[in-house]
1. Decide, for the stretch 100-488, between rounded, prolate and oblate: order the square roots of the alpha carbon gyration tensor eigenvalues as a ≥ b ≥ c, take rounded if a/c falls under 1.5, and otherwise choose prolate if a/b is larger than b/c, else oblate.
2. Once you put a point 7 Å from the Cα of residue 123 and another 7 Å from the Cα of residue 421, both along the Cβ direction, what distance in nm separates them?
3. Nearest 0.05, what FRET efficiency do residue 405 and residue 307 give at R0 = 30 Å with Cβ-Cβ as r?
4. Mind checking the full-extension length gain between residue 54 and residue 465? Use 0.36 nm per residue of separation minus the Cα-Cα distance, one decimal, nm.
5. Which peptide among 382-390, 115-123, 149-157 comes first, and what is the full order, when sorted by highest mean count of other Cβ atoms within 10 Å?
6. Would you please give the FRET efficiency between residue 187 and residue 289, computed as 1/(1 + (r/R0)^6) with r the Cβ-Cβ distance and R0 = 25 Å, to the nearest 0.05?
7. Can you give the extra length, in nm with one decimal, that the chain gains between residue 106 and residue 314 once fully stretched, where that is 0.36 nm per residue apart less the Cα-Cα distance?
8. Would you mind calculating the gained length between residue 334 and residue 474 on full extension (0.36 nm times residue separation, minus the Cα-Cα distance), in nm to one decimal?
């Protein structure tokens, strides 16, 4: 019994000793408070570094998104300034899938209608006018990524057109008016385009002529006034188009065009509108004995990626062509060369808009052209008034979208409300030659103010007041109130 008790005691002591050693070992493995604090600090440091890396990655993602967004906005703005669409400028960046579901057809257009109230000292009996100014329908068909055909038809003043036939075998010529009505249906554009790269494309057919700012920006959302530029439209054709060939392209913010086109007909030149009516629309076919050459270059500062320059552009245009041999009859042996220089600039960013343009024109042998035009038949339906050697027109306008200053603007107010001020100064008899009288009647300046209320995107209500001053001694004021509606689709 004693041996059993003794043995049990020894076993108990050994067990206690083992537990003590185990507890001692465990106590050595349990970290101290300082050790735990160091572990926590290391983990906190790792978490902070991970958060920094996440912030860096998020910032990089944000910058990429902004870059893509800015590029998209720049392309959209560039498309507004020119007729080169963003998809045209980017279509060769990568090959598109030939099996894409998108249609090869594109269709768009716009309408403009105006009401005008006149209070003119120069013409007290002038009546108020209501005018369905134009309906323009544009269609495109893309054969593939490079080849396409473009067409544009314009219905002017809600009427049908008229053409003339000229019998060259008659001794004095005979002009036959087939249909007579105030409006026109005009095929303004019809050309085939081959886009080899963004920096090189070719157009052949009836193509738009990029002379002046208004011929590049003639849609109603691209100008403030109810009618197109008063100063530029007094000198040159608006929405000008001619048969010819064009090289064009875009490279690092530069957009260029070079054209060889049919020239003007000097029988249509006049005092009030200089070479504007020389546009060959009176006959079924255009005379092409005299061709014209056009060059246009624009630079879009948005390509620089500098925030303050977003929406800024400058550009210039040059036109040269003889016009004597395009007259219906060979009644002018001397050259009648037309040269036109245009410079423009614009800044459209946020709520602010600033635009300006200048056109200068020169006509050689203008006195001989005037003399030849005085001998023209009345049936030709031209003005037969003296023509100036030089013409000059310039304008500047500024506008602000007031809706962009309204925080949390309700949608029912509309898309935008621009208030603008514009100044035009133009003289289509700026300098004359020979015995031609420099009639100051054609030296004009106009102040215009009004609004563009964008009811929804694409629908604009326009209203304005214009005060024109004629450079004559008395009865020289012309006040016009106008209201218009325009829609782009």
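1. Numbers: a/c = 1.59, a/b = 1.22, b/c = 1.30.
Oblate, since a/c reaches 1.5 and b/c is not below a/b.
2. 2.9
3. Working: r = 19 Å, r/R0 = 0.65.
The value I calculate is 0.95.
4. Details: separation 411, 0.36 × 411 = 147.96 nm, distance 5.71 nm.
Length gained, residue 54 through residue 465: 142.3 nm.
5. On the way: 382-390: 21.7, 115-123: 14.9, 149-157: 17.9.
Per-residue Cβ counts within 10 Å, averaged per peptide and sorted highest first, yield 382-390, 149-157, 115-123.
6. Details: r = 23 Å, r/R0 = 0.90.
Given R0 = 25 Å and the Cβ-Cβ separation, E is 0.65.
7. Details: separation 208, 0.36 × 208 = 74.88 nm, distance 2.94 nm.
Fully extending the segment from residue 106 to residue 314 adds 71.9 nm.
8. Working: separation 140, 0.36 × 140 = 50.40 nm, distance 3.90 nm.
Separation in residues times 0.36 nm, less the Cα-Cα distance, equals 46.5 nm.
Computed from the coordinates by the stated procedures, all read-outs in this text should not be read as laboratory data. Note that the structure is a prediction, hence the values are computed from the model and not measured. All Cβ positions, even for glycine, are placed from backbone atoms using ideal geometry, and neighbour counts span all protein chains on display.
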